[in-house]
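Enquirer: Once you've had a glance at the structure underneath, I'll fire off some questions.
The values are calculated or read from the model by the stated rules, or taken from the named source; none is laboratory data. In this text, all values refer to a predicted model and were calculated from it rather than measured experimentally. For neighbour counting, all protein chains shown are included, and Cβ atoms are generated from backbone atoms with ideal geometry for every residue, glycine included.
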Amino acid sequence: MRIRVVLVFALVTLFASCSEDVLPKPKAQLRLEYPENSYQRVTSGCPYVIEISQNSQIEFTENCWAQIHYPTLNATMHITYREVEDDLNAILKEVEKLTYEHTIKADNIPYAIPYENDVKKVFGKIMNVEGDVASNLQFHVTDSVKNVLYGSLYFNVKPNYDSILPAIKYIEKDIRNLVESVEWKN
């Protein structure tokens, strides 16, 4: 009799424990929320006017170079201005060379977004570089005659593409707006 009770108890326990699959808890995912993009027009003594995010701060140097700081994202956009002196092709080759130097560490350079505005005389590209590289976003714009403006985004951390991708996508909108807002003063 005891054996039957123990056997019945063992069978009931065995069937009752198999009713649900035990699943491990999924890994938690980081959820990042960024503020809405709003922009402010920046006019300086330089030959260009741009719009930057109100979540950033800009700092100009004497030669009209600039740094746009994103303090909450620990990132900086370095912008270089060059006046064209019959060497536009050389300048543009140099700018594109800087982008393609990242191919050593890049996983991919999936696209370059062209930009053309005939009315404002602004022509350029935004380049995206995927992978653990120093700068994942670069851009350049020119009026094809006198001015070239180009920039690169850097994060103040060791490159880890998967970790900084949400911030890259957020700042990419700001770069698109910057490129679309360029106006030449001369």
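Enquirer: For residues in region 60-100 being in contact with a Pro (Cβ under 9 Å, 6 or more places away or on another chain) and part of a loop (DSSP other than H, G, I, E, B), which is surrounded by the most Cβ atoms within 10 Å (Cβ to Cβ)? Give the steps one after another, and end with the answer.
Expert: Step one: list which residues in region 60-100 are in contact with a Pro (Cβ under 9 Å, 6 or more places away or on another chain), which gives 64, 72, 81, 83.
Right, trim to part of a loop (DSSP other than H, G, I, E, B) and you get 64, 72.
Working: Cys64: 18, Thr72: 11.
Among residues in region 60-100 that are in contact with a Pro (Cβ under 9 Å, 6 or more places away or on another chain) and part of a loop (DSSP other than H, G, I, E, B), the one surrounded by the most Cβ atoms within 10 Å (Cβ to Cβ) is Cys64.
Enquirer: Something else about it: Just the residues that are β-branched (Val, Ile, Thr) and under 13 Å from Ser56 (Cα atoms), please, taken from region 156-177. Can you show your working first?
Expert: As a first pass, look at region 156-177 and keep what is β-branched (Val, Ile, Thr): 157, 164, 168, 171, 175.
If the condition is that a residue be β-branched (Val, Ile, Thr) and under 13 Å from Ser56 (Cα atoms), then Ile171, Ile175 are the ones that fit.
Enquirer: Follow-up question, since we're still on this one. Within region 165-175, is even one residue within 23 Å of Glu83 (Cβ to Cβ) and modelled with pLDDT of 95 or more?
Expert: Our first condition is that a residue be within 23 Å of Glu83 (Cβ to Cβ); within region 165-175, this holds for 175.
The next check asks that each one be modelled with pLDDT of 95 or more; those that pass are 175.
Yes: region 165-175 contains one or more residues that are within 23 Å of Glu83 (Cβ to Cβ) and modelled with pLDDT of 95 or more.
Enquirer: Just to check your reading of the model, which residue among Ser56, Ser44, Ser38, Ser17 is modelled with pLDDT under 75 and not charged (D, E, K, R)?
Expert: Working: Ser56 fails: modelled with pLDDT under 75; Ser44 fails: modelled with pLDDT under 75; Ser38 fails: modelled with pLDDT under 75.
Of Ser56, Ser44, Ser38, Ser17, the one residue that is modelled with pLDDT under 75 and not charged (D, E, K, R) is Ser17.
Yes/no per residue for (1) outside any loop (DSSP other than H, G, I, E, B); (2) of a type in the set (D, E, K, R); (3) surrounded by 19 or more Cβ atoms within 10 Å (Cβ to Cβ):
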| site | (1), (2), (3) |
| --- | --- |
| Pro114 | yes, no, no |
| Gly124 | yes, no, yes |
| Phe139 | yes, no, yes |
| Val145 | no, no, no |
| Tyr154 | yes, no, no |
| Asp162 | yes, yes, no |
| Lys169 | yes, yes, no |
| Glu172 | yes, yes, no |
| Glu180 | yes, yes, no |
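Enquirer: Conditions first: (1) in contact (Cβ under 8 Å) with a residue 60 or more places away in the chain; (2) among the polar types (S, T, N, Q); (3) in contact with a Pro (Cβ under 8 Å, 6 or more places away or on another chain). Asn128 passes all but one, so which condition is the exception?
Expert: Among (1) in contact (Cβ under 8 Å) with a residue 60 or more places away in the chain; (2) among the polar types (S, T, N, Q); (3) in contact with a Pro (Cβ under 8 Å, 6 or more places away or on another chain), the lone unmet condition for Asn128 is (1).
Enquirer: Filter region 131-163 down to residues that are in contact (Cβ under 8 Å) with a residue 60 or more places away in the chain and in contact with a Phe, Trp or Tyr (Cβ under 6 Å, 6 or more places away or on another chain), then give me how many there are.
Expert: Looking only at that region, the number is 3.
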